[in-house]
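The values are calculated or read from the model by the stated rules, or taken from the named source; none is laboratory data. Just so you know, these numbers come straight off a predicted model, no measurement behind them. Cβ atoms come from the backbone with ideal geometry, glycine included; neighbour counts cover every protein chain shown. Accessible surface is based on the protein model in full, side chains and every heavy atom, while ligands, DNA and RNA are left aside. Shrake-Rupley method; radii C 1.70, N 1.55, O 1.52, S 1.80 Å.
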Amino acid sequence: RRAQARQDIALLETYATEEDIAAARRAALTSRQAMIERSKKRLETFAEERKRLDDEVEFYVNRKVPDKLEQAIEANESLVQAEHRLIAEMEADMARINKRFDAEAERYRQLVSAGAKPLVRTSDGATR
């Protein structure tokens, strides 16, 4: 009960309006989305590199592919897998962020509709 009261006070001290909650959500999601976009660009680069490697492998029909080429293909596959893992992690993180902010917005609405007023801190630390 006390823990919930502390969380409610923190919520009302943190956000003056529901728009503040939405803005905080957008800020939290923006960095994750940027990471996903960078990973997708790297995946495009890796796909281009893989095509080049596959084209090179075609020269070795009926012959052993050089170790260096096989290692380059394995490294490319490893990098692609790592980027897919990163994207999956960022998407899961975004889902957690959305869930958290959904819960905060819902609780904020409950508190405000019950008559609670947001506690806006002044520069000297006092509330008004």
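The table below gives the values:
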{"quantity": "The chain, relative contact order [Cα under 8 Å, separation at least 6], %", "calculated": "48"}
{"quantity": "Net length gained if the chain between GLU70 and ALA28 were fully extended (0.36 nm per residue, minus Cα distance)", "calculated": "11.1 nm"}
{"quantity": "Accessible-area composition of the range 1-68, carbon plus sulfur, in percent [1.4 Å probe]", "calculated": "54"}
{"quantity": "Among ASP54, ASP93, ASP67: highest mean-square fluctuation, GNM of the chain, C-alpha pairs under 10 Å", "calculated": "ASP67"}
{"quantity": "Gyration tensor verdict on the chain (Cα atoms; rounded if a/c is under 1.5, prolate if a/b is larger than b/c, oblate otherwise)", "calculated": "prolate"}
{"quantity": "The range 17-31 - phi-based ³J(HN,Hα) in whole Hz, Karplus 6.51/-1.76/1.60, Gly and Pro as x", "calculated": "9, 5, 5, 4, 5, 4, 5, 5, 4, 4, 4, 5, 7, 4, 5"}
{"quantity": "Surface accessible to a 1.4 Å probe, per residue, for the residues of the chain, Å²", "calculated": "72"}
{"quantity": "Trypsin sites (Lys or Arg not before Pro) within the range 1-73, DSSP loop, no more than 12 other Cβ atoms inside 10 Å", "calculated": "ARG1, ARG63, LYS64"}
